[in-house]
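Single-structure report; data block below.
Just so it is clear, none of the values below were taken in a lab; they were calculated from the coordinates. Just so it is clear, the structure is predicted and the values come from calculations on it, not from any experiment. Reconstructed Cβ throughout: ideal geometry from the backbone, glycine too, with neighbour counts over all protein chains shown.
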Amino acid sequence: MRKGWCGRWAEGPLPQNQMKGVFKGFDTNGDGKLSRKEIKVGLKSLGVRFAGIRAWRAVRHADANGDGQIGDEEIDELAKYASKWGI
């Protein structure tokens, strides 16, 4: 076991399909897209350290069309990127 970015002991990162489900649950306004703020609030609720910085980096990394939000077509890349954190 190792300590992940969530600050808790974990066997390893969640499988990518589960991680996508977690991220989709962060969509509080129901528009089908994730804003940086929604990701930040969701990461904080999971206990992720430095949630604001991680949300900013995640959007920069996964936002292929540059609209500042993560849509369904970009969520796979977000899940891959987040798996590096050990969520």
When the dipole is taken about the Cα centre of the range 16-83, and only Lys, Arg (+1) and Asp, Glu (-1) are charged at their Cβ, what size is it in debye, to the nearest 20?
500 debye
Charge-dipole axis of the range 16-83 as Lys and Arg at +1 and Asp and Glu at -1 on Cβ define it, positive-most pick from Ala55, Ser35, Gln69
Ala55
On the Cα set of the range 16-83, report Rg and Dmax in Å, please.
10.4, 29
